[in-house]
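Colleague: Below is the structure I would like to discuss, written out as structure tokens.
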Ligand code: SAH
């Protein structure tokens with residue numbers, strides 16, 4: 001099992017006090033530290049090789065208290081009653097408490113007990129339930145209505161939760177009351193992936209007066225904005241605010257300006273313009289300042305990226321307040337304004353910083369794309385700031401990006417979904433699908449896996465012909481910092497999307513690391529087809545696609561000749577379409593040169609789907625059967641035999657059969 005899907009939930013600790021519980025938790029693989037009491041630990045021969053086991057000798061209560069604040073998730077294979085008693089004294093705030101999950105001893109149910117939203121407990125519960133083949137027990141109202149939790153809505157996009165009455169807004173959702181959403185910045189992707197009967201009213205301030213007349217009065221409001229709003233604490237109309245990280249703070253400063261001066265300058269400018277510091281994407285400056293101590297310290301402390309640009313890049317940017325003094329000194333008439341603008345054109349993902357969002361400079365202005373026609377503009381023009389009694393001076397300007405900075409390294413999961421039945425998808429692939437921020441695929445396959453998806457997930461189903469667009473879209477979203485599952489039927493690396501995505505990444509000079517790629521194998525058509533007719537692939541075999549859309553026919557024909565002659569068992573993919581009817585006839589002729597017309601052939605159409613059809617025939621009679629693009633053709637080798645409704649290719653266990 002790939003552990004990377006559990007990465008987002010680390011550190012995880014698991015607890016059980018019984019041998020059965022231990023066995024159940026072992027089924028999850030090595031996803032975290034497994035804590036056992038001494039009596040159980042000493043009696044377990046079957047510990048997984050990479051499993052981290054810790055033995056606790058203190059009372060469990062003390063043990064859990066020690067781990068509480070450092071852990072993202074605690075998983076118990078214990079009774080709910082016991083867990084409730086254990087954690088009750090430790091619960092503080094859902095913004096900081098870890099996710100607590102309870103699994104019954106037999107591993108039939110996985111309960112998201114607390115920390116379902118913000119600690120990611122609901123998500124982890126679903127992932128674990130998939131892994132165990134158990135039923136996830138989620139009791140949050142948003143799940144019931146198939147809605148994303150309001151307090152996790154912006155997570156995929158790296159938004160920062162602001163102040164507000166989060167409980168009040170969630171309660172309004174639970175009561176199915178209308179909610180007003182005023183989104184002034186950040187991705188609106190989430191809006192197009194809501195169920196049809198969602199309770200949100202999308203408004204923009206300037207339209208509010210007109211639309212309100214025709215709508216029921218909202219019971220709560222969500223602001224999505226870089227603006228810092230102050231809410232009256234006793235209001236009976238609950239409001240919350242999310243801050244997408246869209247603000248790039250351009251900074252110019254004198255050498256040796258201390259961190260506190262920079263900090264206070266930013267604070268004052270943000271306050272004066274009613275902007276939220278939580279909406280800061282990062283800091284931008286000239287590359288000369290990449291080692292400016294105060295600036296570097298500030299970025300490190302706030303975990304903000306520091307983007308540095310060359311003077312000649314900055315000099316090309318038209319700004320409201322160019323300065324000839326600055327130009328004479330550093331070679332560009334603007335640092336703060338120009339750097340803020342250039343940074344705001346960049347991609348939103350965490351490209352350089354590998355997750356720690358440290359202070360690394362980015363002098364590669366080439367990675368910034370040009371602005372679109374609706375060019376982001378300076379939100380705050382340059383302000384000069386000094387602090388009494390402190391050395392140095394800071395110039396600050398703020399530009400607003402169209403796309404928010406996610407601060408995350410994107411992931412591309414290339415997932416094979418098997419032939420077409422949920423039970424034939426590996427648990428790892430199921431987990432990847434359930435866990436991704438976005439699922440992209442051909443609409444037919446998306447429908448097959450829809451039950452694995454969770455509320456709020458972004459599902460992008462595209463028509464079958466648009467493979468390139470699907471790959472490009474997936475790459476674009478991953479570069480922005482999202483976790484994207486690209487689903488492909490069968491195995492995604494066998495005539496599937498994995499190759500295309502990797503080819504396109506290579507064409508974009510991908511460094512092999514960002515976005516992170518992981519391939520999840522699936523049961524390919526030839527295995528699925530073979531399993532329905534016995535064991536035709538018991539000896540050396542070969543797959544050939546008869547589609548000449550992407551491969552010249554001469555190449556295909558050459559390969560058919562070679563494998564026919566070399567006596568491989570063959571699986572023909574894409575054997576025949578409405579317009580491509582000749583190829584299968586040519587293939588038959590080639591094989592008849594080298595094999596008996598009585599050679600067994602299986603035609604398996606839509607294996608593991610409700611419309612599955614299996615036809616056993618012979619090489620000689622092949623063309624009299626119906627064959628289409630949903631069929632895999634399996635042609636036996638010279639020793640393949642039919643027995644009743646089964647095909648068997650002998651491997652030689654029972655001796656060489658000279659017949
Ligand atoms: N990535 C897929 C193959 C895609 S090419 C995989 O690994 O299975 C498409 C071809 O695969 C179809 O034309 C058909 O020949 C075969 N195929 C895919 N799913 C199938 C199924 N459920 N039953 C039989 N053949 C299938």
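Colleague: Tell me, yes or no, whether the range 600-616 has at least one residue that is in contact with a strand residue (DSSP E or B) (Cβ under 6 Å, 6 or more places away or on another chain), away from the ligand (no atom under 16 Å from the Cβ), farther than 30 Å from residue 430 by Cα and modelled with pLDDT of 95 or more.
Modeller: First, the residues of the range 600-616 that are in contact with a strand residue (DSSP E or B) (Cβ under 6 Å, 6 or more places away or on another chain): 600-605, 613-616.
Pick out the ones that are also away from the ligand (no atom under 16 Å from the Cβ) and you get 600.
From what's left, farther than 30 Å from residue 430 by Cα: 600.
Filter once more, so that each one left must be modelled with pLDDT of 95 or more: 600.
Yes: one or more hits.
Colleague: Every residue in the range 203-230 that is modelled with pLDDT under 90 and surrounded by 14 or more Cβ atoms within 10 Å (Cβ to Cβ), please.
Modeller: At the first step, the residues of the range 203-230 found to be modelled with pLDDT under 90 are 203-217.
Listed by number, the residues that qualify are 203, 212.
Colleague: Name the single residue, out of those in the range 504-546 being more than 27 Å from residue 616 (Cβ to Cβ) and within 16 Å of the ligand (Cβ to nearest atom), that is surrounded by the fewest Cβ atoms within 10 Å (Cβ to Cβ). Don't jump to the end; show me each part of the working.
Modeller: We begin by selecting, within the range 504-546, every residue more than 27 Å from residue 616 (Cβ to Cβ); these are 504-521.
When the remaining residues are screened for being within 16 Å of the ligand (Cβ to nearest atom), the result is 519-521.
On the way: 519: 20, 520: 27, 521: 18.
Residue satisfying both the conditions and the ranking: 521.
Colleague: Conditions first: (1) modelled with pLDDT under 95; (2) more than 14 Å from the ligand (Cβ to nearest atom); (3) surrounded by 12 or more Cβ atoms within 10 Å (Cβ to Cβ). Residue 659 passes all but one, so which condition is the exception?
Modeller: Failed condition: (3).
Colleague: Which condition breaks for residue 574 when tested against (1) within 11 Å of the ligand (Cβ to nearest atom); (2) surrounded by fewer than 15 Cβ atoms within 10 Å (Cβ to Cβ)?
Modeller: Failing condition for residue 574: (2).
Colleague: Got a number for residues in the range 586-604 being out of contact with any helix residue (DSSP H, G or I) (no Cβ under 8 Å at 6 or more places or on another chain), touching a residue at least 12 places away in the same chain (Cβ under 8 Å) and surrounded by fewer than 19 Cβ atoms within 10 Å (Cβ to Cβ)?
Modeller: Number of matching residues: 4.
Colleague: Does residue 53 fit the bill of being more than 28 Å from the chain's Cα centre (by Cα), surrounded by 13 or more Cβ atoms within 10 Å (Cβ to Cβ) and outside any strand (DSSP E or B)? Quick ask: steps written out before the conclusion?
Modeller: Numbers: more than 28 Å from the chain's Cα centre (by Cα): yes; surrounded by 13 or more Cβ atoms within 10 Å (Cβ to Cβ): yes; outside any strand (DSSP E or B): no.
No: the conditions fail for residue 53.
Colleague: Here's a check for you: in the range 11-30, which residue that is in a loop (DSSP other than H, G, I, E, B) and modelled with pLDDT under 90 is farthest from residue 483 (Cα to Cα)?
Modeller: Looking only at the range 11-30, we keep the residues that are in a loop (DSSP other than H, G, I, E, B), and these are 11, 17-18, 27-30.
Those still in the list that are modelled with pLDDT under 90 too: 27-30.
On the way: 27: 25, 28: 22, 29: 22, 30: 22 Å.
Across the range 11-30, the extreme among qualifying residues is 27.
Colleague: Still on this structure: Within the set of pairs 6+ apart or on separate chains, which have a first residue in the range 613-640 that is without any contact (Cβ under 8 Å) to a residue 24 or more places away in the chain and in the same structural domain as residue 542 (by TED's automatic domain parsing), a second that is in a strand (DSSP E or B) and more than 10 Å from the ligand (Cβ to nearest atom), and C-beta atoms under 7 Å apart?
Modeller: Listed by first residue and then by second, the contacts come to 617/601; 618/600; 618/601; 625/615; 625/617.
Colleague: For residue 583, all conditions in the list (1) within 13 Å of the ligand (Cβ to nearest atom); (2) exposed (fewer than 14 other Cβ atoms within 10 Å of the Cβ); (3) over 38 Å from the mean Cα position of the chain (by Cα) hold save one; what is the number of the exception?
Modeller: Exception for residue 583: condition (2).
Colleague: Please give the number of the condition residue 341 fails out of (1) closer than 21 Å to residue 255 by Cα; (2) at pLDDT 95 or above.
Modeller: (1)
Colleague: Quick check on this structure: which one of 563, 501 is in a helix (DSSP H, G or I) and within 16 Å of the ligand (Cβ to nearest atom)?
Modeller: Answer to the check: 501.
Colleague: Something else now. Would you be able to tell me the number of residues in the range 566-577 that are assigned to a loop (DSSP other than H, G, I, E, B) and under 18 Å from residue 624 (Cα atoms)?
Modeller: First pass over the range 566-577, keeping only residues assigned to a loop (DSSP other than H, G, I, E, B): 566-568, 574-577.
If we keep only those that are under 18 Å from residue 624 (Cα atoms) as well, we get 574-577.
Matching residues across the range 566-577 total 4.
Colleague: Can you find even one residue in the range 503-522 that is in contact with a strand residue (DSSP E or B) (Cβ under 8 Å, 6 or more places away or on another chain), more than 23 Å from residue 488 (Cα to Cα) and touching a residue at least 12 places away in the same chain (Cβ under 8 Å)?
Modeller: Here is the first cut: in the range 503-522, the ones in contact with a strand residue (DSSP E or B) (Cβ under 8 Å, 6 or more places away or on another chain) are 505, 515-522.
From what is left, the residues that are more than 23 Å from residue 488 (Cα to Cα) are none.
No - not one qualifying residue is present in the range 503-522.
The values are calculated or read from the model by the stated rules, or taken from the named source; none is laboratory data. Computed from a predicted structure; not experimentally measured. FYI the Cβ positions are ideal-geometry reconstructions off the backbone, even for glycines, and counts take in every protein chain you see.
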